[in-house]
Amino acid sequence: MKIKEVNILIVGVGGQGTLLASRIIGKLAGLYGLDVKLSEVHGMAQRGGSVVTHAKIAERVYSPVIGEGCADFIVAFEKLEALRYTQYLRDGGTIIVNTQEILPMPVITGAAEYPSDAVKTLKRSYAVISTDALAIALKSAGNAKAVNIVMLGILFSKMGVTLSDAETALAACVKPEFLEINKAALKAGYTL
Amino acid sequence: MVKRQLMLGNAAIARGAYEAGVRVVSAYPGTPSTEISEVIATYKEVYAEWAPNEKAAFESAVGAAYAGARAMVCMKHVGVNVAADPMFTVAYTGINGGLVIVAADDPGMYSSQNEQDSRFYARSAHIPMLEPSDSGECKEFTKLAFELSERYDTPVFVRTTTRVAHSQSYVTAEERKELPLKPYVKNVKKYTMMPSSAVLRHIEVEKRENKFKADLAEIGVNTIEINDKSLGIICSGVVYQYVKEACPSASVLKLGVVYPVDTELVRRFAAEVKRLVVIEELEPFIEDTLKAAGVKCEGKNLFSLQGEISAALIKNKLYGEKIKTNTDYAPPRPPVLCAGCPHRGVFYILSKLKLTVSADIGCYTLGAQAPLSAVDTVLCMGASIGIAHGFEKAAGRAQSNKTVAVIGDSTFIHSGITGLINAVYNGSNITLLILDNSTTGMTGHQEHPATGKTLKGTSAKILDLEAMVKACGAESVRIVDAYDLPAVEKAVKGAIDEDGVSVVIAKRPCALLGKTRGVPYAISECKRCGMCGKIGCPAIRKNADGTMTIVAEQCAGCGVCAGLCKFGCIKKPEKNLKKT
């Protein structure tokens, strides 16, 4: 199936690999001959802060930033981050969420509480696909860093992208020596 | 070679400079400008360097331009402040080879300490400024900037904002045009700025600017799209993209040249439309220019001086459309010092000793966050030392005994050295801590004069920080391992008890450089004392029963927490120990 227009918001914690994920989405848009813009966050927020990356695909893209209420997909590498950005989801959009918990410092210090029922809260209001991407990454790729690729696998499957197109986009963005483990992670997410 | 590819705005600026035949590029890293230099360094035809600060970088580029080469200097908005001294006067001398200055603003302060608007530098120094709106324009405008620089004998600004610098869109790469070095001819009246010659050059500046203004139509990057005439919008940069998304039917004047503003074109556009709105991030720069020229318009009556604009915000302000807000609760997640960060233990000691800390710009600004909460002031690059010195001069020795300045290695070299010389020269009683993590950390690990490597990856002489501070006259220097907390505490206590300027250099490479990543620690039979939670390590979490756990995937194995546990509960697991 060929995609025509899609807005994907990738959210997570600095260091989880949101930049690589968005670049693979960018490559995919290129395969389909579509216009694409990606907006990234560099610098201070990457030090364990909340990070958000925008990927917009269409015949013609103007703003590189997805507006509130305009995301077809929110791909959350951490469940608290899914909660933080729900205003970006369009009516009828889907949240794909990794159930992994990474505690923010205010929770570690006791100044705030981590919501105990984050996924349940999300499911009350939105279409949600939740999965333990960390476990899948460890099992399929043997590496916790492959969480981002597992999540992409799920996204591409829901977008109706073929696995072979997804693999082509992946191969264009990762170093050859890491391609096999990343392909394993992609497939594990895709076939979930 | 003609190839369309997805490119970061910063990479596109580098590509444009490369294609324009740039020979020399100098910069100091600063978000959101850093990647320009990192990309340009990959082109073998271009000499590219990290300079110790933006002023040094600027002067390198000026020298190269005088010598007849096309040259570029790149910096973040606050870097322009550092480079402003040569910048104002090179506007007088003009250039020989083309000189392009990239200034990257940060509306919304994703990684900055203020939201200053670089466009005012263009106006006050009389330097033309171009503003691209996506990666394609980043490349094209950079090439144009070199041409204009040579045609009008002036440096030319390319201004970006975070959303342009750090967004990716399509760029068509083209061949590089190799240009011969222009001959350098000695010309004292042009290149030697003292009153008698500067008076003459100032006349040229005004003439040049008038000529540039008159030629704006021919320069051609200001564009008008006439659609529905009931609403006309004037904008530039990424805001143009927001306007096209929010108001597809509106008439739009997009300014590619934001200084000087083409007021004639604006008047023509204003006459066409019923309602005229200027939409711009940060200051009312274009709006004020229009109002001074007698053009009635709206602008900052609708939009704030703060933060970014978005398509949703434009629809909200112009059409009253609501912006969807979040109704789900999520506790904040501020950036933190990484697991294994060598700064963590030092800040724990400073906090424990209840010292007043003037800190500086870099990752270690994060020492201000709870639970370390060890920082009192952060102002600008290099300011920590001057602030500690001034604090002591005002409040006296008793206070200074509790006051320390904290600065990183790259920031110390950037602009801390003069502050240290001042403190020594003027008989200060301060303690300076240099947190030497052997890199420029926050901007993403760039080399600097004390790392032994250049931007191009070649080896370089290593600036010896100990010898440097001693040469400044600070004779008392203690060097400690930043992971060795008892040693850090002893050194800091010893240093603050001394008269005069004392220095502690805490050494340990940044944990993200991958050189120090060790076997993860684990907690067994936790006594719930909570000591390990006081260092604010993201790898340590508290369980519901009050015990603590180390998350193995996140632990860098630095062992700082193990040193704090009075009960010896934090150890490397046995099976892992055997491996090491």
So, in the stretch A:90-127, exactly how many residues are more than 26 Å from A:ARG47 (Cα to Cα), within 12 Å of another protein chain (Cβ to nearest Cβ) and assigned to a strand (DSSP E or B)? 3
By residue number, the members of the stretch A:128-156 that are part of a loop (DSSP other than H, G, I, E, B) and within 19 Å of the chain's Cα centre (by Cα) are A:ASP132, A:ALA141, A:ASN143
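Right, A:GLN87: among the polar types (S, T, N, Q), at the interface with chain B (Cβ under 9 Å from one of its Cβ atoms), more than 27 Å from B:GLY30 (Cα to Cα) and open to solvent by 10 Å² or more (accessible area, probe 1.4 Å) or not?
Numbers: among the polar types (S, T, N, Q): yes; at the interface with chain B (Cβ under 9 Å from one of its Cβ atoms): yes; more than 27 Å from B:GLY30 (Cα to Cα): yes; open to solvent by 10 Å² or more (accessible area, probe 1.4 Å): yes.
Spelling it out, A:GLN87 is indeed among the polar types (S, T, N, Q), at the interface with chain B (Cβ under 9 Å from one of its Cβ atoms), more than 27 Å from B:GLY30 (Cα to Cα) and open to solvent by 10 Å² or more (accessible area, probe 1.4 Å).
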For the stretch B:72-82, indicate whether the set of residues that are under 16 Å from B:VAL158 (Cβ atoms), charged (D, E, K, R) and outside any helix (DSSP H, G or I) is non-empty. yes
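Quick check on my filter: what residues within the stretch B:514-544 are without any contact (Cβ under 8 Å) to a residue 40 or more places away in the chain and within 14 Å of chain A (Cβ to nearest Cβ)?
Just the residues of the stretch B:514-544 that are without any contact (Cβ under 8 Å) to a residue 40 or more places away in the chain, to begin with: B:514-515, B:528-532, B:540-544.
Passing the criteria: B:GLY514, B:ARG528, B:GLY530, B:MET531, B:CYS532, B:ILE540, B:ARG541, B:LYS542, B:ASN543, B:ALA544.
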Listed by first then second residue, the pairs whose first member lies in the stretch B:196-207 and is under 17 Å from B:VAL156 (Cα atoms), whose partner is hydrophobic (A, V, I, L, M, F, W, C) and assigned to a helix (DSSP H, G or I), with beta carbons under 8 Å and at least 6 positions apart or on separate chains, are B:VAL205/B:ALA91
Is there a residue being within 14 Å of chain A (Cβ to nearest Cβ), within 27 Å of the chain's Cα centre (by Cα) and among the hydroxyl-bearing types (Ser, Thr, Tyr) anywhere in the stretch B:309-320? yes
Checking B:ARG508 against (1) open to solvent by 20 Å² or more (accessible area, probe 1.4 Å); (2) closer than 28 Å to B:ALA405 by Cα; (3) within 14 Å of another protein chain (Cβ to nearest Cβ), the condition it does not meet: (3)
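Just for the stretch A:142-153: of the residues that are in contact (Cβ under 8 Å) with a residue 60 or more places away in the chain and surrounded by 24 or more Cβ atoms within 10 Å (Cβ to Cβ), which one is nearest to the other protein chains (Cβ to nearest Cβ)? Don't jump to the end; show me each part of the working.
Just the residues of the stretch A:142-153 that are in contact (Cβ under 8 Å) with a residue 60 or more places away in the chain, to begin with: A:145, A:147-149, A:151-152.
Those left that are additionally surrounded by 24 or more Cβ atoms within 10 Å (Cβ to Cβ): A:147-149, A:151-152.
On the way: A:VAL147: 10, A:ASN148: 14, A:ILE149: 16, A:MET151: 16, A:LEU152: 16 Å.
Across the stretch A:142-153, the extreme among qualifying residues is A:VAL147.
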Which residues, counting only those in the stretch B:321-341, are facing chain A (nearest Cβ under 8 Å), open to solvent by 50 Å² or more (accessible area, probe 1.4 Å) and of a type outside the set (S, T, N, Q)? B:ILE323, B:LYS324, B:TYR329, B:PRO332
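The values are calculated or read from the model by the stated rules, or taken from the named source; none is laboratory data. Since the model is a prediction, treat every value here as computed from it, not as a measurement. Because the Cβ atoms are built from the backbone with ideal geometry, glycine has one as well, and the counts that use them run over all protein chains shown. Quick note on the areas: whole protein, heavy atoms, side chains included, nothing else; ligands and nucleic acids left out. Shrake-Rupley method; radii C 1.70, N 1.55, O 1.52, S 1.80 Å.
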